[in-house]
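The values are calculated or read from the model by the stated rules, or taken from the named source; none is laboratory data. Since we're looking at a predicted model, the values are computed, not measured. Cβ placement follows ideal geometry from the backbone for every residue including glycine, while neighbour counts extend to all protein chains displayed. Note: accessible area is taken over every heavy atom of the protein model, side chains too, but ligands, DNA and RNA are not part of it. Shrake-Rupley method; radii C 1.70, N 1.55, O 1.52, S 1.80 Å.
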Protein chains: 2
Amino acid sequence: MSGCAPKGACARALVLSQIGRVILKFFLLVVVVVFMESGYSVTPWEARGKIDYDKLIEEFGVEKLGPELVERIGRLAGGLHWLLRRGFFFAHRDLGLVLDDYEAGRGFFLYTGRAPSNSPMHIAHIVPFVATRWLQEKFNVNVYIEIPDEEKFLAKKVESLDEVEPYVRQDILNIAALGFDPDRTFIFRDTEYISRMYRAAVRVARLINFSTAKAVFGFDGETSIGLIFYPALQIVPTLFENKRPLIPCGIDQDPYFRLQRDIAPRLGRYKTAEILSKLVWGLTGPETKMSASQPETAILLNDPPDVVKKKIMNAYTGGRATIEEQRKLGGVPEVCTVFHWYSVLFEEDDKKLEERYWACKTGKLMCGECKLELVQRINRFLEQHRANVKRAEEKLHLYMYDGKLAQEMWNWEFR
Amino acid sequence: MSGCAPKGACARALVLSQIGRVILKFFLLVVVVVFMESGYSVTPWEARGKIDYDKLIEEFGVEKLGPELVERIGRLAGGLHWLLRRGFFFAHRDLGLVLDDYEAGRGFFLYTGRAPSNSPMHIAHIVPFVATRWLQEKFNVNVYIEIPDEEKFLAKKVESLDEVEPYVRQDILNIAALGFDPDRTFIFRDTEYISRMYRAAVRVARLINFSTAKAVFGFDGETSIGLIFYPALQIVPTLFENKRPLIPCGIDQDPYFRLQRDIAPRLGRYKTAEILSKLVWGLTGPETKMSASQPETAILLNDPPDVVKKKIMNAYTGGRATIEEQRKLGGVPEVCTVFHWYSVLFEEDDKKLEERYWACKTGKLMCGECKLELVQRINRFLEQHRANVKRAEEKLHLYMYDGKLAQEMWNWEFR
């Protein structure tokens, strides 16, 4: 089944490829060392995907998140989360100003969210929350988590509000389970907290005309008047404090906050800062989207161990057609969803991740083994997560109603 | 100053005009009797104004409110309010079906409202509430009164929500003071009751796209996304009960309810019925608008007696240039704002109103006397009204929170 026909050619090719690999390895190591030296490691094993993030940066008019700023976070935080070290957050707006505010004692606050749908959360959904929680811990700031339980209904992704209802509590628990500080975190659902948000939303909405909303979100005549109003509700939490809001999110959410940045000065508030994450790949290939409605692409947070195993064993890898080839040529971790998942969530240790990279690259690590280990890690993670969800159930009232911040927020008024 | 030159001609003209007047009076009386006979009295002294109500009926596609239907109300209610007797309500939608529902025991409910602005309510504002209260009493039904305290702000009639704030409570008290049943009436302000309305508003809003809203309300690119959403909030109260809603209002509010009639079936609810009132004239002329921002046009509910007197004494009448002419030719009550106000609010007795009409028409009643009497009646009314407001203050919690209906509504969910 091997592709090499004449034996000699094959041997020569092998030797050359081995020499090439050594040279490549040396070169990459230099890159790694150079980056590591700076504490920042947008790694040599950076993913090779279809998305041109530099182009996105240009299109959206955001700033590239480079080593300097990441290192500054590291200095202030006394360390760096691997998602930051590994360049998973690739762009930002005003992050420098956030750090200025922090250093000057003015502080800042974090705001993010999750729109419940008609299916459970999957692994990719928790990634920005993992980063948010880390930022809360390191900078000791308030976190606001919006649960816009009407959004998917207004966007016509589901047919009724009731369809979403069973997932609202489940999503909140999955988020709370990540360990946010119950006295500095407020989790609120729109249809409930609207009582305190509506007056502010009205003030926001009055400053946004249809032409602008149309240009920013692509609304047209078919768009419902509910969806047209919705941006106001996503903007309101940026007004919760008279400090700079920092929003860890995907770049698809940037339009809301670009709009916020236009109107914030007229409301006497700070423009939002953003820290923008890349896409977590689905299991079907590099930069495919994880989607709960296509179960083969994602691990759901409630997947049982055997389902996890089946999905991961079927995942798209950078492996070769045969074990022999893999041994000869090595794998291609740069396009491997399994390696990607290690790097995003399941290998905290840069050194071990690097070892895994080279083991794959040099044909020492076979896909089956690598996948089985990921299965174990995911199942261990999910088991622990479920235990955390159980504990979060008891604390839910703190995040939503009774914690220090939640109590304050149930009396909040935008002044 | 008289326009008659040769004395003889003048005398002849006078005799002819007196004969003419007698003939006219006889003719009109016949009309009155014929109408009165039927219990319905769109009177011979019907206002002569610029507004062509028949044309409005055609334009808006509503039904004319004729004697048959009014009499049917009278039969079921055991009497007729003068506003109905005198044709002040001139058009309707589905009023017959409302009465069918009532007779069949299915019942109906009343819904109306008042958008607070940055000035106090005036006399014209309370007219639809007077009719609504009467309907509640006679048919023993629930009344819902929406106070959309965000509407004027979204419509850019005021510059801040705070500008409206002092008038919200005052408006609610002015309405409550008219004597609504505290256990069958729920008065709610949008920015507060939004907590229970929002889920329903989202369901309503999803059914209305921008093209439709644009066609119905004339929205354009400049319209704020807040105003675009607002119609959903005016429609929600039509869903409060699974009965037919009857809305006493001006025809300018019809577009909201026409929209409601389009979507109600998809929400499993009744299409709204309407009973539409004419314009109460401002003091500056027939069918001018009363406006709190032009004090000379209106009596505000908080005008002191001397201001009332000054405004009424300056009001536009159907009087002649001189007392002599008035004695000779009689007044023109059909275009007189003072007579209009008697007919709309300050003379309940048809017979006495008719006497006043003829006293004016035949030159027996001078404008000064007629106005002074109106001043007295208005000041008596306002004094009583203020006493009622004082009493309403003690009952306010019943209308808004603690009355039987209010309590139910604070647990309302649209199912």
(message) For the stretch B:259-278: of the residues being closer than 23 Å to B:VAL127 by Cα and hydroxyl-bearing (Ser, Thr, Tyr), which is surrounded by the most Cβ atoms within 10 Å (Cβ to Cβ)?
(response) B:THR272
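What residue, of B:THR288, B:THR362, B:THR322, is in contact with a Phe, Trp or Tyr (Cβ under 8 Å, 6 or more places away or on another chain) and polar (S, T, N, Q)?
B:THR288
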(request) Scan the stretch A:361-370 residue by residue and report those that are part of a helix (DSSP H, G or I) and open to solvent by less than 20 Å² (accessible area, probe 1.4 Å). (result) A:CYS370
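Each row is one residue, and each column tells you yes or no for (1) closer than 17 Å to B:ILE147 by Cα; (2) open to solvent by 90 Å² or more (accessible area, probe 1.4 Å); (3) out of contact with any Gly (no Cβ under 7 Å at 6 or more places or on another chain).
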| position | (1), (2), (3) |
| --- | --- |
| B:ILE378 | no, no, yes |
| B:PHE381 | no, no, yes |
| B:GLU394 | no, yes, yes |
| B:TYR399 | yes, no, yes |
| B:ASP402 | no, no, yes |
| B:ALA406 | yes, no, yes |
| B:ASN411 | no, yes, yes |
| B:PHE414 | no, no, yes |
(request) Test A:VAL168 against the criterion of being within 14 Å of another protein chain (Cβ to nearest Cβ), outside any loop (DSSP other than H, G, I, E, B), more than 16 Å from the chain's Cα centre (by Cα) and closer than 30 Å to B:VAL158 by Cβ, and give yes or no. (result) no
(message) Against the definition (of a type in the set (Ser, Thr, Tyr) and modelled with pLDDT of 95 or more), how does A:TYR53 come out, yes or no?
(response) no
(message) Suppose we filter A:ARG184, A:ARG203 for residues that are basic (Lys, Arg), more than 8 Å from every other protein chain (Cβ to nearest Cβ) and in contact with a Leu (Cβ under 9 Å, 6 or more places away or on another chain); which single one remains?
(response) A:ARG184
(request) Sort out which residues of the stretch A:226-258 are open to solvent by 10 Å² or more (accessible area, probe 1.4 Å) and out of contact with any strand residue (DSSP E or B) (no Cβ under 8 Å at 6 or more places or on another chain), and write them in order of number. (result) A:LEU227, A:ASN242, A:ASP252, A:PRO255, A:TYR256, A:ARG258
(message) All but one of (1) in contact (Cβ under 8 Å) with a residue 12 or more places away in the chain; (2) open to solvent by 10 Å² or more (accessible area, probe 1.4 Å) hold for B:PHE129; state the number of the condition that does not hold.
(response) (2)
(request) Search the stretch B:187-200 for residues being without any contact (Cβ under 8 Å) to a residue 60 or more places away in the chain and within 8 Å of another protein chain (Cβ to nearest Cβ), and hand back the single one that is nearest to the chain's Cα centre (by Cα). (result) B:ASP190
(request) Go through the stretch A:326-337 and give me each residue that's outside any helix (DSSP H, G or I) and either among the basic types (Lys, Arg) or more than 20 Å from A:VAL127 (Cα to Cα) (or both). (result) A:GLY330, A:GLY331, A:VAL332
(message) What's the number of the only condition in (1) in contact with a Ser or Thr (Cβ under 7 Å, 6 or more places away or on another chain); (2) touching a residue at least 40 places away in the same chain (Cβ under 8 Å) that A:TYR53 fails to meet?
(response) (1)
(request) Go through the stretch B:109-126 and give me each residue that's open to solvent by 10 Å² or more (accessible area, probe 1.4 Å) and either free of Cβ contacts under 8 Å to residues at least 40 places away in the same chain or out of contact with any Ser or Thr (no Cβ under 8 Å at 6 or more places or on another chain) (or both). (result) B:GLY113, B:ARG114, B:ALA115, B:SER117, B:ASN118, B:PRO120, B:ALA124, B:HIS125
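To keep it simple, each residue is scored yes or no on (1) within 12 Å of chain A (Cβ to nearest Cβ); (2) within 23 Å of the chain's Cα centre (by Cα).
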{"position": "B:GLU222", "(1), (2)": "yes, no"}
{"position": "B:ILE225", "(1), (2)": "yes, no"}
{"position": "B:PRO248", "(1), (2)": "no, yes"}
{"position": "B:TYR256", "(1), (2)": "no, yes"}
{"position": "B:LEU259", "(1), (2)": "yes, yes"}
{"position": "B:PRO265", "(1), (2)": "no, no"}
(request) Could you tell me which of the residues A:ARG196, A:ARG261 is assigned by TED's automatic domain parsing to the domain that holds A:PHE108, within 25 Å of B:MET197 (Cβ to Cβ), of a type in the set (Lys, Arg) and assigned to a helix (DSSP H, G or I)? (result) A:ARG196
(request) Sort through A:LYS138, A:LYS156 and tell me the only one that's within 14 Å of another protein chain (Cβ to nearest Cβ), open to solvent by 10 Å² or more (accessible area, probe 1.4 Å) and either in contact with a helix residue (DSSP H, G or I) (Cβ under 9 Å, 6 or more places away or on another chain) or not β-branched (Val, Ile, Thr) (or both). (result) A:LYS156
(request) Say whether the condition of being assigned by TED's automatic domain parsing to the domain that holds A:PRO166, over 25 Å from A:ILE57 (Cβ atoms) and touching a residue at least 40 places away in the same chain (Cβ under 8 Å) is met by at least one residue in the stretch A:88-108. (result) yes
(request) Just need a number here: residues in the stretch A:203-225 that are touching a residue at least 40 places away in the same chain (Cβ under 8 Å), closer than 16 Å to A:PHE257 by Cβ and open to solvent by 10 Å² or more (accessible area, probe 1.4 Å). (result) 3
(message) Let me spell it out: the conditions are (1) over 16 Å from the mean Cα position of the chain (by Cα); (2) surrounded by fewer than 18 Cβ atoms within 10 Å (Cβ to Cβ); (3) farther than 28 Å from B:VAL158 by Cα, and B:SER293 meets all of them except one. Which number is the exception?
(response) (3)
(message) With the requirement that a residue be outside any loop (DSSP other than H, G, I, E, B) and at the interface with chain A (Cβ under 7 Å from one of its Cβ atoms), what does the stretch B:206-219 give you?
(response) B:ARG206, B:ASN209, B:PHE210, B:SER211, B:ALA213
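Can you find even one residue in the stretch A:178-190 that is in a helix (DSSP H, G or I), crowded, with 23+ Cβ neighbours inside 10 Å and of a type in the set (Val, Ile, Thr)?
no
Residue-by-condition table, conditions (1) without any contact (Cβ under 8 Å) to a residue 60 or more places away in the chain; (2) in a loop (DSSP other than H, G, I, E, B); (3) among the aromatic types (Phe, Trp, Tyr); (4) open to solvent by 40 Å² or more (accessible area, probe 1.4 Å):
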| site | (1), (2), (3), (4) |
| --- | --- |
| A:VAL307 | yes, no, no, yes |
| A:ALA321 | no, yes, no, yes |
| A:GLU324 | no, no, no, yes |
| A:PHE339 | no, no, yes, no |
| A:GLU348 | no, yes, no, yes |
| A:LYS351 | yes, no, no, yes |
| A:TRP358 | no, no, yes, no |
| A:GLU373 | yes, no, no, yes |
